[in-house]
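What follows is one structure encoded as structure tokens, with my remarks underneath.
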Amino acid sequence: MLSESSSFLKGVMLGSIFCALITMLGHIRIGNRMHHHEHHHLQAPNKDDISKISEAERMELSKSFRVYCIVLVKPKDVSLWAAVKETWTKHCDKAEFFSSENVKVFESINMDTNDMWLMMRKAYKYAYDQYRDQYNWFFLARPTTFAVIENLKYFLLKKDQSQPFYLGHTVKSGDLEYVSMDGGIVLSIESMKRLNSLLSVPEKCPEQGGMIWKISEDKQLAVCLKYAGVFAENAEDADGKDVFNTKSVGLFIKEAMTNQPNQVVEGCCSDMAVTFNGLTPNQMHVMMYGVYRLRAFGHVFNDALVFLPPNGSEND
């Protein structure tokens, strides 16, 4: 009996060592095939430069940025789903919900899977196949995310859609840099094109991943995009503050009150923030009120550029 137990333990240990070696080799193989890349810290355009643009050019710019929004949802998210539909997605040029199964309560595109990576892959493929000639930027978010689409368009103002942009809030995991889905993910049409060409190549962009254990969907996306020569970029304002945020405003304020009690506002968030995450349905509506509806009487906003809402939208 003891010898059998000893043999079993030896087998478990050898198996574990073998799995670790396979995983390490897998990482090494990926690293050898790809060029070394340090992600850039991309910043929003200078407001003074925008003010120098002619009125005609501003109107053309406001019409040229077309953002297609993808929201991945599951039936358990129905209250968040409703809040997102009623709030910030109205400001997308087009927004569609991709669900894990058919849901009668809301209109959505059924992905017929609970696996988030498969949902993401299918959603990106659908978006590219259907809309590659209509939209130049593609924004993907969780149902817990609130986005200010006008700030996203402003951030993208000087970014070339024909270049392979993949941006948001970057995170480093070992040798892999990826954009966290918690803060939202933005891909240019060129990045969508490159990703779409790899979705049918399992050696480079597998449906289940090439690791022994499962990795998150945002890491899977980064691995696929690296094979296409597309690398994660961190989005920041002129002061170096992140504009894609993985936490809620409330949490940022609490942290600022603890860490910088004399500079709560300055220590909290960017004035040009694009996203916040981890919101409840009620918080979504509060954000909508604060961002789009509350105005100080007698105070005139003189933004140099106005992004017009899509025709026929219920844009606030």
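The values are calculated or read from the model by the stated rules, or taken from the named source; none is laboratory data. The structure displayed is predicted, hence computed values, not measured ones. Positions of Cβ are generated from backbone atoms using ideal geometry, with glycine treated the same way; all protein chains shown enter the neighbour counts. The area values use the complete protein model at the heavy-atom level, side chains included, leaving out ligands, DNA and RNA. Shrake-Rupley method; radii C 1.70, N 1.55, O 1.52, S 1.80 Å.
So, of the residues in region 65-76 that are open to solvent by 10 Å² or more (accessible area, probe 1.4 Å) and in contact with a strand residue (DSSP E or B) (Cβ under 9 Å, 6 or more places away or on another chain), which turns out to be farthest from residue 160 (Cα to Cα)? Checked region 65-76; the qualifying residue farthest from residue 160 (Cα to Cα) is 75. Annotation for region 267-283: no member residue is farther than 23 Å from residue 158 by Cα, surrounded by fewer than 19 Cβ atoms within 10 Å (Cβ to Cβ) and of a type in the set (A, V, I, L, M). Counting only residues that are over 21 Å from residue 144 (Cα atoms), free of Cβ contacts under 8 Å to residues at least 60 places away in the same chain and either open to solvent by 80 Å² or more (accessible area, probe 1.4 Å) or touching a helix residue (DSSP H, G or I) at 6+ places or on another chain (Cβ under 8 Å) (or both), region 236-265 holds 11 of them. Within region 195-211, is there a residue that is assigned to a strand (DSSP E or B), free of Cβ contacts under 8 Å to residues at least 24 places away in the same chain, open to solvent by 30 Å² or more (accessible area, probe 1.4 Å) and not hydrophobic (A, V, I, L, M, F, W, C)? Scanning region 195-211 turns up no residue that is assigned to a strand (DSSP E or B), free of Cβ contacts under 8 Å to residues at least 24 places away in the same chain, open to solvent by 30 Å² or more (accessible area, probe 1.4 Å) and not hydrophobic (A, V, I, L, M, F, W, C). Condition check: open to solvent by less than 40 Å² (accessible area, probe 1.4 Å), outside any loop (DSSP other than H, G, I, E, B), touching a strand residue (DSSP E or B) at 6+ places or on another chain (Cβ under 9 Å) and farther than 18 Å from residue 217 by Cα. Does residue 84 satisfy that? Against the criterion (open to solvent by less than 40 Å² (accessible area, probe 1.4 Å), outside any loop (DSSP other than H, G, I, E, B), touching a strand residue (DSSP E or B) at 6+ places or on another chain (Cβ under 9 Å) and farther than 18 Å from residue 217 by Cα), residue 84 qualifies.
Note on region 93-118: residues that are buried (at least 21 other Cβ atoms within 10 Å of the Cβ), touching a strand residue (DSSP E or B) at 6+ places or on another chain (Cβ under 9 Å) and in contact (Cβ under 8 Å) with a residue 60 or more places away in the chain total 1. The C-beta contact set for region 142-162 (first residue free of Cβ contacts under 8 Å to residues at least 40 places away in the same chain, second residue surrounded by fewer than 20 Cβ atoms within 10 Å (Cβ to Cβ) and of a type in the set (D, E, K, R), distance under 6 angstrom, 6+ apart or interchain) comprises 162/190. When region 150-194 is filtered for residues that are among the hydrophobic types (A, V, I, L, M, F, W, C), open to solvent by 10 Å² or more (accessible area, probe 1.4 Å) and in a loop (DSSP other than H, G, I, E, B), the ones remaining, listed by number, are 157, 165.
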